[in-house]
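The values are calculated or read from the model by the stated rules, or taken from the named source; none is laboratory data. Just so it is clear, the model here is predicted, and its values are computed rather than measured. For neighbour counting, all protein chains shown are included, and Cβ atoms are generated from backbone atoms with ideal geometry for every residue, glycine included. Remember, those area values only see protein heavy atoms, side chains included, never the ligands or the DNA or RNA. Shrake-Rupley method; radii C 1.70, N 1.55, O 1.52, S 1.80 Å.
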Amino acid sequence: MKSLSQNQIKRLTAVHGWSGTLLGALLYAVIVTGTVAVFAHEIAEWSAGGGQAADPLATSLDRNVRLVADPLTKGYRQSIGIWGTARGDLMVFPHAHARNPATGEMSDYGPMFRIAPSSGEILFRDEGFAYSEPEWYEDSALEDFLIELHVQLYMPTPWGLIVTGILGLAMMAAGVSGIVIHRHLIRDLFVGHREGRRLVSARDRHVLAASWGLVFTFLLGFTGSFFSLAPTVTFPLLANVAFGGDQEAMADVLFEPQAAPGPRPVPMADLDRMIAESRARTGSEAGYVEVSNYGRADSRISIWNEPPPGRLAWVHNVFDGATGEFLGVRPRVGQTPSSGSFLYNLMWPLHTGDFAGVTSKSVWVGLGAAMAFVVISGMRLWVRRREEQTLWRRFGRAVTVVGYGLPVAMLGSAHAYFLALGAGANEFWWTPAGFVIGIAPGVLPGLAVRDEDALRRFYRKLLGIGLLLLPAVRMATGGPDWAAAVADGQGTVLSIDLALLLLGAGLIRWGRRKRTATPDPAERAHGT
């Protein structure tokens, strides 16, 4: 690599520092919530009390779909989405497209059915713009809130997506500039920790974590900005340029299996047989099914199977709905395999770590935690070099409050969720309200405790206590205890409870340790 001049290094360092400092708090929020959301599915099972052992898509699916689809008018048979929930219920959503007066955009409209898969009993039926009402189809308000907080920072659509997309680009800028200014990248991967020298020691920890996470930072920044900006910027522009602004026509071409129009009524083939064949072909379970043009000669059945062993992406198998004939594997985007479709397939697993079960997700959580530390430690380093100025000292206190206050508020949302569930209140309202309430214990200590080390120790103890209490609150508000969870084969419930207890105990122990290192005036005077 060509050596950079001193002025170029200074400019890149400024870009690196200011990109992290100006957007640091929001970037930290996206990273922390994303780190937790990696286990969103498992959190849904844990907070909902654990799912049933049987797969909802493998239990009398054909009977259950016909039960609700056959009596419907033709308009609602245009598309039928079918999936299972964290509690093991079957969701069937026959719908058409209509303009939502609340948003002014075309949205899915129709009746949404929640069905007990073994008996076929319809547990609930709701009708309307269903995806605007998460309580109709989500089992866990906690999962819904955490994902919404990560994806849109709980801002209105599309502004939240645009903000998180910009933050993803800022992550990429920090990653690229970090790679360029690391003149000794290999050495920095093994940098030692120098005790007793506050600023140098802090820089060592920042450099070590950042060096190991540089590639990961760029990867998450790129994939995150793609998911945020694609629906708000890229696809609308593509629709305007290539489809005259018709986003439905664009979606049909890019994402739907093509079939010659055939409105003639015909009986539907057996869905259970197609599910079984799709499972046999891929070697993995089906996760989502979509039926287009139900009861017509041009019907198509799309079955998305989870990534089979040795592959990262989900597999999209297409069947003829009238005959049950297997029509082939369809790419994620477009009608024929392409490099663009291949890259599109990789976006989701690379962003979420959802490709090798708990192992890959755990690695993503560890790397995400390291990235959050890099953001906070980088902001602290930036402040410490300017701490002789009152404004920057106050900013440094704000960094500490945000760093610990956000997890405290997130814990508040979890406690509020379980308490609302136990009281029979609307958990979809109380979960975000719990986050707002949790801001108070997250912020007030920063205003009351002046000693920085004492403040951090207080926050660690507070977080530890909140984590230790969470399993007890879950069980006290109606969740299964450990004996019931083990008896029902709900390992997720037990695993998350144990993880919370271990993490809580670790934080309390950490909170009892006082910092013994003393500042080194010589280092601060020289700006190192």
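Data table
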| item | result |
| --- | --- |
| Positions within segment 20-52 being modelled with pLDDT under 65 and surrounded by 19 or more Cβ atoms within 10 Å (Cβ to Cβ), in sequence order | Gly20, Gly50, Gly51, Gln52 |
| Condition broken by Gly491, with the remaining ones in (1) open to solvent by 60 Å² or more (accessible area, probe 1.4 Å); (2) at pLDDT below 95 satisfied | (1) |
| Every residue from segment 73-87 that is open to solvent by 30 Å² or more (accessible area, probe 1.4 Å) and either of a type outside the set (Gly, Ala, Ser) or closer than 19 Å to Arg296 by Cβ (or both) | Thr73, Lys74, Gly75, Tyr76, Arg77, Gln78, Trp83, Arg87 |
| Qualifying residue in segment 407-419 (condition: of a type in the set (S, T, N, Q) and in a helix (DSSP H, G or I)) | yes |
| Subset of segment 285-306 [farther than 21 Å from Leu90 by Cα and buried (at least 18 other Cβ atoms within 10 Å of the Cβ)] | Arg296, Ser299 |
| Residue within segment 4-14 that is outside any helix (DSSP H, G or I), at pLDDT 65 or above and either within 30 Å of Pro134 (Cβ to Cβ) or open to solvent by less than 40 Å² (accessible area, probe 1.4 Å) (or both) present | no |
| Index of the failed condition, Ser360 passing every other in (1) open to solvent by less than 10 Å² (accessible area, probe 1.4 Å); (2) over 22 Å from the mean Cα position of the chain (by Cα) | (2) |
| Close pairs from segment 371-393: first farther than 22 Å from Leu220 by Cβ, partner open to solvent by 50 Å² or more (accessible area, probe 1.4 Å), Cβ under 7 Å, at least 6 apart | Val383/Phe395; Glu387/Arg393; Trp392/Arg386 |
| Residue match in segment 88-100 (condition: over 25 Å from Glu256 (Cβ atoms), open to solvent by less than 40 Å² (accessible area, probe 1.4 Å), among the acidic types (Asp, Glu) and touching a residue at least 12 places away in the same chain (Cβ under 8 Å)) | yes |
| Members of segment 307-316 found to be surrounded by 20 or more Cβ atoms within 10 Å (Cβ to Cβ) and of a type outside the set (A, V, I, L, M, F, W, C), listed by number | Pro307, His316 |
| Matching residues, segment 327-351, being assigned to a helix (DSSP H, G or I), touching a helix residue (DSSP H, G or I) at 6+ places or on another chain (Cβ under 7 Å) and not aliphatic (A, V, I, L, M) | His351 |
| Enumeration of residues in segment 51-94 that are among the aliphatic types (A, V, I, L, M) and within 27 Å of the chain's Cα centre (by Cα) | Ala53, Ala54, Leu57, Ala58, Ile80, Ile82, Ala86, Leu90, Met91, Val92 |
| Pair list, Cβ < 9 Å and 6+ apart or interchain, from segment 305-334 residues that are hydroxyl-bearing (Ser, Thr, Tyr) to residues that are surrounded by fewer than 21 Cβ atoms within 10 Å (Cβ to Cβ) | Thr323/Val266; Thr323/Ala269 |
| Filter result (part of a helix (DSSP H, G or I) and open to solvent by 10 Å² or more (accessible area, probe 1.4 Å)) within segment 154-163 | Trp159, Leu161, Ile162, Val163 |
| Qualifying residue in segment 300-314 (condition: within 17 Å of Asn345 (Cβ to Cβ), at pLDDT 95 or above and more than 26 Å from the chain's Cα centre (by Cα)) | no |
| Residues satisfying the stated conditions in segment 446-482, i.e. open to solvent by less than 70 Å² (accessible area, probe 1.4 Å) and either free of Cβ contacts under 8 Å to residues at least 24 places away in the same chain or of a type in the set (Lys, Arg) (or both) | Val449, Ala454, Arg456, Arg457, Arg460, Ala472, Arg474, Met475 |
| Within segment 52-83, tally of residues that are closer than 18 Å to Glu256 by Cβ and among the aliphatic types (A, V, I, L, M) | 2 |
| Qualifying residue in segment 351-370 (condition: modelled with pLDDT under 90 and basic (Lys, Arg)) | no |
| Filtered residues of segment 289-313 (kept if in contact with a strand residue (DSSP E or B) (Cβ under 6 Å, 6 or more places away or on another chain) and either under 18 Å from Ala251 (Cβ atoms) or in a strand (DSSP E or B) (or both)) | Val289, Glu290, Val291, Ser292, Arg300, Ile301, Ser302, Ile303, Trp304, Asn305 |
| Count of segment 250-288 residues which are within 23 Å of Asp55 (Cα to Cα) and assigned to a loop (DSSP other than H, G, I, E, B) | 6 |
| Exclusive hit being buried (at least 16 other Cβ atoms within 10 Å of the Cβ) and free of Cβ contacts under 8 Å to residues at least 12 places away in the same chain, set Glu148, Glu133, Glu105, Glu121 | Glu148 |
